[in-house]
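**Student:** If you scroll down you'll find the structure; I have some questions about it.
The values are calculated or read from the model by the stated rules, or taken from the named source; none is laboratory data. Predicted, not measured: the structure shown is a model, and the values here were computed from it. Cβ coordinates were reconstructed from backbone atoms using ideal geometry, including for glycine residues, and neighbour counts include every protein chain displayed.
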Amino acid sequence: MYLVSACLLGMKTRFDGGSNFLQELVSFARNGLLIPVCPEQLGGLSTPRLPAEIQGQGGGAAVLNRSPGEKQLAVVVNKEGDNVTEAFLKGARETLRLARLMQVKGAILKQGSPSCGSLYIYDGSFQKRKIEGMGVTAALLASGGFALFDEFNLPF
Ligand code: SF4
């Protein structure tokens, strides 16, 4: 069993109210192999919502690495400049909780998202510039030992 980004199963969880439906996943979902999850909704964000990107160095792993008293190396902000880091952290933790509860083999996550991206994210400028790096949830799942897949690299 695998967690899957809910938007890949056609749930309209994306920031703009759309989805990233991937037909290829339907038969696996019907066979009970997939558990849909949207970390940003689990973090309490509404849909639709403003787009958000990670700003600073180190991507999602740096967002997670919060030492008391030290300057935060990376934060998540929305397009209006609001700091939405707490919601992204909550969503990541809840997703990890679900992954552990269900003892999944891994997660199939939408590439590029500030939560779900596992190979690339956007650079924080809101100029559609991709950089290597992970989203917050992907980084937390990886640190918990879960294998990560994406829409271009399925585990089946
Ligand atoms: Fe899809 Fe992940 Fe974004 Fe939710 S947070 S809409 S599951 S890419």
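**Student:** Can you pull out the strands (runs of 3 or more DSSP E) entirely within the stretch 42-120 that have at least 2 residues that are under 18 Å from SER143 (Cα atoms)?
**Tutor:** Values: elements: 52-56, 74-78, 106-109.
The qualifying strands (runs of 3 or more DSSP E) are 106-109.
**Student:** In the stretch 55-71, what residues are crowded, with 17+ Cβ neighbours inside 10 Å, touching a residue at least 40 places away in the same chain (Cβ under 8 Å) and away from the ligand (no atom under 13 Å from the Cβ)? Quick ask: steps written out before the conclusion?
**Tutor:** Residues of the stretch 55-71 that are crowded, with 17+ Cβ neighbours inside 10 Å, as a first pass: 55, 59-64.
Now restrict to residues that are touching a residue at least 40 places away in the same chain (Cβ under 8 Å): 55, 59-61, 63-64.
Within the stretch 55-71, GLN55, GLY59, ALA61, VAL63, LEU64 qualify.
**Student:** Could you list, in sequence order, all residues of the stretch 72-84 that are among the polar types (S, T, N, Q) and in contact (Cβ under 8 Å) with a residue 24 or more places away in the chain?
**Tutor:** First pass over the stretch 72-84, keeping only residues among the polar types (S, T, N, Q): 72, 78, 83.
Once the filter is applied, which keeps residues that are among the polar types (S, T, N, Q) and in contact (Cβ under 8 Å) with a residue 24 or more places away in the chain, the stretch 72-84 yields only ASN78.
**Student:** Further question on the same structure: Check whether at least one residue in the stretch 4-18 is part of a helix (DSSP H, G or I), farther than 18 Å from VAL136 by Cβ and without any contact (Cβ under 8 Å) to a residue 40 or more places away in the chain, and report yes or no.
**Tutor:** yes
**Student:** Right, another one. Any chance you could count how many residues in the stretch 121-146 are closer than 24 Å to PHE28 by Cβ and more than 10 Å from the ligand (Cβ to nearest atom)?
**Tutor:** Filtering the stretch 121-146 for residues closer than 24 Å to PHE28 by Cβ gives 134-135, 137-138, 140-142, 144-146.
Among the residues that remain, those that are also more than 10 Å from the ligand (Cβ to nearest atom) are: 134, 140-142, 144-146.
Count: 7.
Per-residue answers, yes or no, for (1) small (Gly, Ala, Ser); (2) buried (at least 19 other Cβ atoms within 10 Å of the Cβ); (3) in contact with a His (Cβ under 8 Å, 6 or more places away or on another chain):
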position	(1), (2), (3)
VAL37	no, yes, no
LEU73	no, no, no
LEU89	no, yes, no
GLU94	no, no, no
ARG97	no, no, no
GLY106	yes, no, no
GLY135	yes, yes, no
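**Student:** Right, something else. Look at the stretch 1-53 and say how many of its residues are over 19 Å from LYS79 (Cβ atoms), basic (Lys, Arg) and near the ligand (Cβ under 10 Å from one of its atoms).
**Tutor:** Qualifying residue count for the region: 1.
**Student:** Specify which of the listed residues (GLU80, GLU40) is under 16 Å from CYS7 (Cα atoms) and among the acidic types (Asp, Glu). Give the steps one after another, and end with the answer.
**Tutor:** On the way: GLU80 fails: under 16 Å from CYS7 (Cα atoms).
Only one candidate qualifies: GLU40.
**Student:** For the stretch 63-110, how many residues meet the condition of being of a type outside the set (A, V, I, L, M, F, W, C) and at pLDDT below 95?
**Tutor:** Applying the first criterion (of a type outside the set (A, V, I, L, M, F, W, C)) to the stretch 63-110 yields 65-72, 78-83, 85-86, 90-91, 93-95, 97, 100, 103, 105-106, 110.
Adding the requirement that they be at pLDDT below 95 leaves 65-72.
Here the count works out to 8.
**Student:** Filter the stretch 122-156 down to residues that are among the aromatic types (Phe, Trp, Tyr), within 23 Å of ALA87 (Cβ to Cβ) and out of contact with any helix residue (DSSP H, G or I) (no Cβ under 6 Å at 6 or more places or on another chain), then give me how many there are.
**Tutor:** Kept after step one, since they are among the aromatic types (Phe, Trp, Tyr), are these residues of the stretch 122-156: 122, 126, 146, 149, 152, 156.
When the remaining residues are screened for being within 23 Å of ALA87 (Cβ to Cβ), the result is 122, 126, 146.
Pick out the ones that are also out of contact with any helix residue (DSSP H, G or I) (no Cβ under 6 Å at 6 or more places or on another chain) and you get 122, 126.
Adding up the residues that qualify gives 2.
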